[in-house]
1. Can you pull out the residues in region 29-60 that are buried (at least 16 other Cβ atoms within 10 Å of the Cβ) and either of a type in the set (S, T, N, Q) or without any contact (Cβ under 8 Å) to a residue 12 or more places away in the chain (or both)?
2. From the residues in region 94-147 that are polar (S, T, N, Q) and away from the ligand (no atom under 11 Å from the Cβ), which one is nearest to Tyr74 (Cα to Cα)?
Amino acid sequence: MIEEQKEAGFHWHVHHSILLEWCYDVKQRVSYIERYKPLHEQATRLHLMKPVKGKLPKLLINAFYAFTKANKEYDEVYNDCFKTCVNYDKLKKYDKLKKYDKECDKAWDICLKALNKCKSVIEKLHAKECLDCSWNGVEIVFQKENK
Ligand SMILES: [Zn+2]
C-alpha cells in the first residue's frame with residue numbers, strides 16, 4: 001500500500017517538468033538532487049518540492065497507486081535478476097522483467113492521462129499551495145547560472 005510508505009506521498013515538483021507526482025522516498029530524492037543536479041538548480045528544486053496538502057481527485061490517486069504497484073513488481077523482479085546474475089539478459093527472468101517494464105510504462109501513461117484530465121483541479125490547488133513558484137505551465141524555470 002502506498003499509504004504505508006514512510007516519507008512518501010504526493011509532492012509538487014519532484015521532477016522539473018512534472019507538476020505533481022507520487023514521491024516514493026523524499027529523502028532519497030533530496031540526496032539525488034544534492035548529488036546530481038546542477039548547483040544553480042538545487043535551491044529552487046528543494047524549495048519547490050513539497051507535499052500536496054489539499055485533496056486530489058480519486059482518478060489521479062488510483063492511477064498513481066496502480067503505477068506504484070507496477071513499479072514495485074518490476075523492482076522485485078529486477079532485484080531478483082541482479083541478485084542471481086550480473087548478465088541478466090541471459091536469464092529466463094529477463095522476459096518477465098521486460099513484461100513488467102511494459103506494464104510500468106502503461107501505468108505511467110495512465111498517470112499522465114489522469115494528470116491531464118485533472119489539470120484544472122491540480123492547477124488551482126497548485127496556485128493555492130505553491131506560492132512564489134517559477135513553474136511556467138510546462139516546467140520549473142531556473143535562475144540563470146552565475147558564471
Ligand atoms: Zn509550484
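Only the coordinates and a few stated rules stand behind these numbers; no lab work does. Just so we're clear, the structure is a prediction, and the values are computed from it rather than from any experiment. Cβ: placed from backbone, ideal geometry, glycine included. Neighbour counts: every protein chain shown.
1. Matches in region 29-60: Gln42, Thr44.
2. Let us first name the residues in region 94-147 that are polar (S, T, N, Q), namely 116, 120, 134, 136, 143, 146.
Pick out the ones that are also away from the ligand (no atom under 11 Å from the Cβ) and you get 116, 120, 143, 146.
Numbers: Asn116: 25, Ser120: 32, Gln143: 37, Asn146: 41 Å.
Only one residue tops the list, namely Asn116.
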